[in-house]
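Here's the structure we're looking at; comments come further down.
The values are calculated or read from the model by the stated rules, or taken from the named source; none is laboratory data. Because the structure is a prediction, the values reported are computed rather than measured. Don't worry about glycine lacking a Cβ; one is built from the backbone with ideal geometry, like all the others, and counts go over all protein chains shown. For the accessible areas, the whole protein counts, side chains as well, though only heavy atoms, and no ligand, DNA or RNA atoms are used. Shrake-Rupley method; radii C 1.70, N 1.55, O 1.52, S 1.80 Å.
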Amino acid sequence: MNTPSRRRFRREGEERRRQDLIEATLDSVAERGLQGATLRTIALRAGVTAGLIRHYFPGKEELLQEAYAALMGRMTEQAKAALAMEDASPRQRLAAFVTANLNVPIIDARVFSLWATFIGRAGADPSLARAHREGYLGFRNEVEAVVAEVLAAERREPDASQLRHHAIAINAIIDGLWIEGCLAGEMFSPGELAAIGIKTVEAGLGLAPLKQFQEK
């Protein structure tokens, strides 16, 4: 009867070790860049041997792909957490989602530096390009879902093409403001970028501005 428990604990330990290696990779890339983040430097940071890394990942390229996917996935999950507001209207949930994307911890100079580093390599690295595409589409799907809820509450029934158009535009708005916040956050007052983002997104959706948005 103890065997299943031992196996479960082993799986949990293996998954934790994989996550530790991914975090060590992100730290190494942030400090040394993609070229400087060798398996040896990653292993030293994680406190393991380079040989052990190969037990979890075939090579450096696969490890980098997983690290970038984890970075993108973490940002999406942090933004999605804002959608779990109790007793909130679809409009409030949309505003919370935009706000979450334009505040810490998503707006962060280190996160931006890592993202830019990986993006710079994606054009020549199919594995990183694939990770980027999957992360982008995953985020865009979240945007489409919340926009569909907002428009349904407004008694509007957009087709799939219209939802896709809105999601692409909203993603571009968020990305642009996110980059500004990461690069020059000190130039903006608290909440300024989020307020601009909400107003611009609402205008793009043809919505009358909410009188006030309060986080719950």
Exercise. Would you call Ile106 modelled with pLDDT of 95 or more and closer than 19 Å to Arg74 by Cβ?
Worked result: yes
Problem set entry | Subset of the range 137-175 (residues that are touching a Leu at 6+ places or on another chain (Cβ under 8 Å), of a type outside the set (A, V, I, L, M, F, W, C) and more than 22 Å from Ala195 (Cβ to Cβ)) | Glu144, Glu157, Pro158
For this session: Kindly state which helices (runs of 4 or more DSSP H) lie completely within the range 107-216 and contain at least 2 residues that are under 15 Å from the mean Cα position of the chain (by Cα), crowded, with 17+ Cβ neighbours inside 10 Å and not hydrophobic (A, V, I, L, M, F, W, C).
Result: 126-153
Seminar exercise, completed: From the option list Ala79, Ala24, Ala30, single residue qualifying as closer than 30 Å to Ala208 by Cα and either out of contact with any His (no Cβ under 6 Å at 6 or more places or on another chain) or open to solvent by 70 Å² or more (accessible area, probe 1.4 Å) (or both) is Ala79
Exercise. Pick from the range 23-75 the residues that are under 16 Å from Ser127 (Cβ atoms) and among the charged types (D, E, K, R): which of them is nearest to the chain's Cα centre (by Cα)?
Worked result: Glu66
